[in-house]
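Read-outs throughout are calculated quantities, based only on the coordinates presented, and are distinct from any laboratory measurement. Note that the structure is predicted; figures quoted are calculated from it, not measured. All Cβ positions, glycine included, derive from the backbone under ideal geometry; neighbour counts span all protein chains shown.
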Amino acid sequence: MAVKKKEETAVKDSSKKEALMDLLSTLQEDAKKTYGISNVGFLGKMKDKQVTFLPTGSLVLDTLLGGGVAKGRIIEFFGPESSGKTSMAVLALGKEQERGGSVAFLDIEHAASPSFMEVLGVNIDELLFLQPSSAKDTFQSLLKIVRSGTISMVVVDSVSAMTEGVADEDLVKDSVGKLARNMSKNMPVLAEACSNNDCTVIFINQTREKIGVMFGDPTTTSGGNALKFYATQRVRVNKKSPIKDSEGSIIGTEVGLKIEKNKAAMPGGIGSTLLSYSSGIDTVGEVYLLGVQFGVIGKNGNTFFAKVDLTKEQQAKIKNCQYDESTHQLKLAVGEGRTRTKLAEDNEVFNVVSQEVMRILEEKQEEFKAKDKSVVQLKEDK
């Protein structure tokens, strides 16, 4: 009886699988007829649907996002004015150009600074630059750019400036509602276009105060809720303490980062980075902070060391630093300040420490991908 029951179950399961494959074939044919492409299949076997991360130019932000901004997705950087939102987005454009990608910048605010873009690593001679005057013009241009398949990353600055240019108070209220309707109408179309053409679109948005809110978060963003829903990643950017030189002049700012939403990796990460107005992101500071966080940089008493595996060739290149082969510890300096100075001034030491930090960061990304695949496999097994 038990054997017969097993055979009946096997036959039943086989019939279900055949029916499932027939359904898959039908859905694929329908998709090709309707859209011209087949975007139907088993997710674990669709390699083009796996999330790919693009580096932002900030190691801290890349770590918080799980590897960078998601390729072919909608991203939102939001926060108060002068908090560093545009700077972080433009930094990502420069990094994408380094990878060989073509990028675009939609300056709706009419406030872009070409010289500061160059400081942040953007080649402005190869930057596609537009200044649309309304939400309608913005989405028309944006969809053309994304659907062209020639641009891999676009920054839209900003959602708050996409309202129609009106001065009358009643018309302004109507314009705000019109923007929310425009966003709701265009976001689904844009999300599909981004996915099909592997184009990442970063929206910059301003926070504003809610009226009459006594409890909870008193801030909200422009454009309604559509962008919140369709964004794969949402990064809250806050201005923290200013950076001053020895004479007391402000030369930069500490930028606070919080991952409010992340459908590509773990959300909720909080961190900060240093932004110099003359040289961009403080890469040395980021490597130091992440080195401490990952255990690459430690200390015995007040003496700082880096735990790295060095080849004989690397040891020969590094001068004025003792390396203990038994413990794999490279002595850096006494005190945090001198350690940061050592990383900034000694390229060989900085390279070996940053390489170890990047190796650990890549391992963490692979661990997340493995967990993600195991969850998919578990669901399929069920």
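If I model a spin label at Thr303 and Leu43 as a point 7 Å from the Cα along the Cα→Cβ vector, what separation in nanometres do I get?
5.2
If R₀ is 51 angstrom, what is the calculated FRET efficiency for the pair Ser14 and Phe229, using the beta carbon separation as r and rounding to 0.05?
Rounded to the nearest 0.05, the efficiency is 0.80.
Using a Förster distance of 22 angstrom, determine the FRET efficiency expected from the C-beta separation of Thr311 and Glu363, and round it to 0.05.
FRET efficiency, Thr311 to Glu363: 0.65.
Determine, for each peptide in 299-307, 227-235, the mean count of other beta carbons within 10 angstrom over its residues, then list the peptides with the highest first.
227-235, 299-307
Please get the size of the charge dipole for the chain, origin at its Cα centre, with Cβ charges of +1 on Lys and Arg and -1 on Asp and Glu, quoted in debye to the nearest 20.
Taking the Cα centre of the chain as origin, the dipole is about 1400 debye.
Rounded to the nearest 0.05, what FRET efficiency do Glu126 and Ser148 have when you use their Cβ-Cβ distance and R0 = 25 Å?
Once the sixth-power term is evaluated, E becomes 0.95.
Taking springs between alpha-carbon atoms closer than 10 angstrom, which of Ala112, Ala70, Ala265 fluctuates most in the Gaussian network model of the chain?
Highest fluctuation among the options: Ala112.
Find out how many positive minus negative residues lie around Val357, taking Lys and Arg as positive, Asp and Glu as negative, among other residues whose Cβ is under 14 Å from that of Val357.
Result for the local shell: -3.
Over the chain, what is the relative contact order in whole percent, taking alpha-carbon pairs under 8 Å and six or more residues apart?
16
To the nearest 500 deg cm²/dmol, what mean residue ellipticity at 222 nm is calculated for the chain from DSSP H runs of n ≥ 4 alone, each contributing -39,500 (n - 2.57), summed and divided by the residues?
About -15000 deg cm²/dmol.
Take the alpha-carbon centre of the stretch 278-326, take the same for the stretch 124-143, and report the distance between them in whole Å.
44
At Ser133 and Ala180, where each label point lies 7 Å from the Cα along Cα→Cβ, what is the point-to-point distance in nanometres?
Inter-label distance under the simple model: 2.7 nm.
Roughly how many nanometres apart are two label points built 7 Å out from the Cα toward the Cβ at Glu345 and Ser241?
According to this spin-label approximation, the distance is 2.4 nm.
Which pairs in the list Lys85/Lys331; Lys45/Lys312; Lys178/Lys239; Lys185/Lys364 are over 32 Å apart, alpha-carbon to alpha-carbon?
Over 32 Å apart, Cα to Cα: Lys85/Lys331; Lys45/Lys312; Lys185/Lys364.
With springs connecting C-alpha atoms under 10 Å apart, model the chain as a Gaussian network and identify which of Asp324, Asp245, Asp137 has the largest mean-square fluctuation.
Answer for the Gaussian network model of the chain: Asp245.
For Val213 and Thr52 in the same chain, what is the full-extension length gain: residue separation times 0.36 nm, less their Cα-Cα distance, in nm?
Taking Val213 through Thr52 to full extension adds about 54.1 nm, to one decimal.
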